[in-house]
Structures are given as C-alpha cells and as structure tokens.
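Contents: one structure, followed by commentary.
The values are calculated or read from the model by the stated rules, or taken from the named source; none is laboratory data. What you see is a predicted model; the values in this text were computed from it and never measured. Reconstructed Cβ throughout: ideal geometry from the backbone, glycine too, with neighbour counts over all protein chains shown. Ligands, DNA and RNA are stripped out before the accessible areas are found, and what is left, the full protein with its side chains, is counted by its heavy atoms. Shrake-Rupley method; radii C 1.70, N 1.55, O 1.52, S 1.80 Å.
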Amino acid sequence: MRVRSAWLKQPLQYLACLAAAGFVVETYRHIIHVNPTTVALTFLLLVLWVATYWGFRFSAFLSVLATLVFNYYFLPPVGTFTIADPQNWVALFAFLATAGIASRLAERARRQTADAVQRRRDVERLYAFSQRLLATDNIAELLNAIPGYICDGFAAKAAAVYLLNSRQVYRTDPKAIWFPLENLEMVSLRGEPVIDLQRQVSMTPLHLGMRTTGAVGIAGASLSRATLEALGSMIGIAVERAAAIEKLAQGEAAHQNENLRSVLLDSVTHELRTPLTGIKAAVTGLLSNQELDASQRRELLTVIDEETDRLDRLVGEATEMAQLDAHKVELRMAPVALSVVVQAGVEKSQPALANHPVEVRVPEGLPSVRADSDRIAEVLGHLLENAAKYSPPGAPITIIAEQRRDRVIISVADHGRGIDDFEQSLIFEKFYRGRDQRYSVQGTGMGLAIAKAIVEAHNGVISVTSQPGRGSVFSFELPVA
C-alpha cells in the first residue's frame, strides 16, 4: 500500500509544478505587471521550495519548465523561444544554473537531515535495546530473549543469534529459513557484516574486542552498517557479561556450599560429641571398680538412656531432612480440626516447655484444614521447642490461630532475644544457627528447615517477624479443607 500511494503521489507533484508555473505566468502577465528580474526571482524561490520539500527530481523539472516559460513569456521577442538580446542569454543560463545548484544543495541538505534523523533514531533504538540487554543476568534467558528484543526494537520480521563456541542458534521462529546455519557460521568466521538490500536481510558478527563470538541475523529491517556493527558489539558484550556473572554466581555458590559444609560438620560434630561424652562418662563409671549403690547406677543408666534418645533424635532429624529434600515423604492429607493438631504439638513439646507457660488462642468455629495432622503437629513442635530454647526461663509462649480468606494462619510468639534482619533471611536454611547462640544453645539447625519443608509440601508458607530484644513470631499458613 505504501508503494502504491507513492506512485500516485508523484504525478500529482509534477502537476503541481505545472500549476505553479502557470500561476506565476498568469499573475505576472494579467494581474501584476513586473520586470523580468522579479519573474526570475519568483521562479527561483519556487524551485528552492520544491527542492527543499520534494527533492531534486521535481526541482530539476520545475527549473527546466521555468526556464522555458520565462523565455517564452517574459524575454523578448515574447511568444517565441528565440532570445534577441545576448544579455538575456546570459541571464537565462545564470538562472538555470542557479536553480540547478540550489536544487542540488537543497537536496543534499535534505538528505543529510534525513540521515541525521535516521542516526538519531538508531541511537535511541540502540540505547533502548541496551537497557533491555541489562534486564537479566541469566545467560540462557538472555539468549532466548535477544531475538525478540531485536524484533521489538527495530521493527524486524525475524531475528537469530548464533554462538560460535556452542554452535547453537536462538531464533524468534524456529521454522524460519531467513538465516541458514552455514551463513551465520560464515559471517562469524569472516568477521564482516553481510547486507542483502533486496531481501532486507542483514547478518553481522558478534564482536568482543578483537574476538568474534558469533553472529546475529535480522530480517525485514533496513539498518545501516554502523548500526549493525554497534548491535553486534552490544550483544557480544551483553552475552559475555551474563556468562561472567553466571560464573561468578556459581563460584559464590560453591564458596557458600563449602561454608555450609563447614557449618554442618561443626554443628553435627558438636551435637554428636555432647551425648557421646555423657554416654562415655556414664559407661566408664559403670565399668569402674568402684562400688556403686543402686541410686548411683540408676542415675548413670538414666544418663545413658537420655543421651541415647538424643542421639536417636539427631539421626532421625538428619534422615527426615534428607527424605524431605528428595521429596520421598508421603503426606496423609485429610480434613483435621486445628485444635486437635495444636494440642498434639503442645503435648509433643512438653519436655521443652516445662519452664514456660503456654497460652493457646484457637477460636471456636475455626474451619478444618486439609493437612497431615502428624506432620503439622511436628511443625508446631519444632516452633515451640525453638521458642523455648531461645527464651529466658519463665517467659510465656503464645499460640494463635486465625482465618484469612481461604487460609488458616498459625503463629507461635515468644519473648526471646529476637532475630536481626540479616539472620531472618537465613533462619530457615538447613544447619543454620544463630551467630550468638550457636554454641550456647543445643540444636542442629535442622528443626526450622524441616518445618519449612513440611509446610511447603502442604502448599503453605512459613515466615518470621522479629524485633531484637522483644521476641519473635513464627507463622505458617494452611489451606482450608
């Protein structure tokens, strides 16, 4: 449609040139009588205007037409194409030359203006494109998104990015045949852009300094060579940046993993050594040659029994954590009254709550939740034991339940030391324990991680709100049955 309208517009512009020349002739011959110099200047202004707004083709046509009309109607002998006075010949050729030169200068200025506008648009597009390249640091997401970014930013029909080291092509349309693999490889190896103006297909290498890392192909968009090269450099730098950030993240993850292993070894060693030390001391006392009465023997056997239970619990938590990580724990989901679950969790944690009064606020009429009652009682038990461990003796612990839309929220509030903002983001990680209580409070750091895994297996969320010196509130939500 755009080509057709251009072809219809050109004849109208030629007719407008004819009409303008006729208007000047009629005006100066029948309405306003002026000398030939004024007529020549009028025609010259018309030529300059046409050259400025319509281009050289139409200004040249109007120049020839104006020369003929000026000669025929305004130079003696009038009514013929003959010029009697030699000075009029000089004036006529000077007029024609001035009109031609002015037309070319106007056309050049017009073309330079159009080029400047196009360069400005290209710079704006490149800037917007660079901003989108910085939106993600994931190398896979970036490579899949770049072809779409090119089509959106440069109004292209299709685009493709080829990486030389992996020989992979990322396309907007996998079925498109605009950019065969061998062509992209050739551009990558040659390091020079290839522009097919007839098909409107351009391919340019991805440059990273002096090194070529791949190629990009664009179809349906007419881009200058400078824009193509800038585009290739930007994509090459963005891909290399994302790869570097990913490698850095992997290195940081490896470093954190190594730190986690150290923390795990430290925590498990400390927690296993404590009961083993008690068992070893009790067994040594029993095996000694000293005469022990019945109460002493019973006390040592009680130590062995309690520390053995503690060891068994440590091993059980580690096993459960491994099963939850592997998603090998089967939940027995069923509607269950929340008051029953809360009571089971309190009874399970009774030994840890011996020195803390517990207040339970479960409103009557609260809907049942769909859950594995044993597992949720275990979550509540971990939260209660955690609250008891980090609260001073005698400090109350409160359990609150409430309904919010289609969820039930269960909260455990304590009056302990609280948790700072940095540790709140780490408190549910496996084996993490508070920096200040790591050795003063018993534990492996698996309790909250187990609670988090169980709640998430119920499609719930667990969180903590805390204020140092005021206490903490651990909350988790469950769907209504």
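Checked across segment 52-64, the condition of being modelled with pLDDT of 80 or more and basic (K, R) holds for no residue. Can we say V117 is among the aliphatic types (A, V, I, L, M), over 13 Å from the mean Cα position of the chain (by Cα) and open to solvent by 90 Å² or more (accessible area, probe 1.4 Å)? Against the criterion (among the aliphatic types (A, V, I, L, M), over 13 Å from the mean Cα position of the chain (by Cα) and open to solvent by 90 Å² or more (accessible area, probe 1.4 Å)), V117 does not qualify.
Scanning segment 120-135 for residues that are among the polar types (S, T, N, Q) and either more than 21 Å from I245 (Cβ to Cβ) or open to solvent by less than 80 Å² (accessible area, probe 1.4 Å) (or both) yields one hit, S130. Pairs please, first residue from segment 448-477 and within 22 Å of Q403 (Cβ to Cβ) and part of a loop (DSSP other than H, G, I, E, B), second anywhere and among the aromatic types (F, W, Y) and open to solvent by less than 50 Å² (accessible area, probe 1.4 Å), Cβ atoms under 9 Å, 6+ apart in sequence or on different chains. Partner pairs satisfying both residue conditions: H458/F476; G460/F476; V461/F476.
Evaluating F70 against the criteria (1) open to solvent by less than 20 Å² (accessible area, probe 1.4 Å); (2) modelled with pLDDT under 75; (3) assigned to a helix (DSSP H, G or I) leaves one unmet condition, (2). Restricting segment 274-292 to residues that are assigned to a loop (DSSP other than H, G, I, E, B) and open to solvent by 80 Å² or more (accessible area, probe 1.4 Å), the residue that is modelled with the highest pLDDT is E291. Restricting L223, L206, L228 to residues that are touching a strand residue (DSSP E or B) at 6+ places or on another chain (Cβ under 8 Å), part of a loop (DSSP other than H, G, I, E, B) and under 20 Å from G153 (Cβ atoms) narrows the list to L223. Among residues of segment 301-314 being among the hydrophobic types (A, V, I, L, M, F, W, C) and at pLDDT 80 or above, the one that is farthest from P275 (Cα to Cα) is L301.
Given the condition surrounded by fewer than 19 Cβ atoms within 10 Å (Cβ to Cβ), in a strand (DSSP E or B), touching a strand residue (DSSP E or B) at 6+ places or on another chain (Cβ under 7 Å) and not acidic (D, E), answer yes or no: does some residue in segment 375-397 qualify? For segment 375-397, residues surrounded by fewer than 19 Cβ atoms within 10 Å (Cβ to Cβ), in a strand (DSSP E or B), touching a strand residue (DSSP E or B) at 6+ places or on another chain (Cβ under 7 Å) and not acidic (D, E): absent. The C-beta contact set for segment 225-238 (first residue open to solvent by 40 Å² or more (accessible area, probe 1.4 Å), second residue in a helix (DSSP H, G or I), distance under 7 angstrom, 6+ apart or interchain) comprises M234/L126; M234/F129; M234/S130; M234/L133. All of (1) outside any helix (DSSP H, G or I); (2) at pLDDT 85 or above hold for F179 with one exception: (2). Considering segment 166-203, and only residues there that are of a type in the set (S, T, Y) and surrounded by 19 or more Cβ atoms within 10 Å (Cβ to Cβ), the residue that is nearest to G153 (Cα to Cα) turns out to be T172. Counting only residues that are over 45 Å from the mean Cα position of the chain (by Cα), within 19 Å of V480 (Cβ to Cβ) and not in a helix (DSSP H, G or I), segment 325-364 holds 1 of them.
Cβ separations smaller than 9 Å between residues 6+ apart or across chains give the following pairs from segment 346-374 residues that are of a type in the set (D, E) to residues that are open to solvent by 100 Å² or more (accessible area, probe 1.4 Å): D372/E330; D372/R332; D374/R332.
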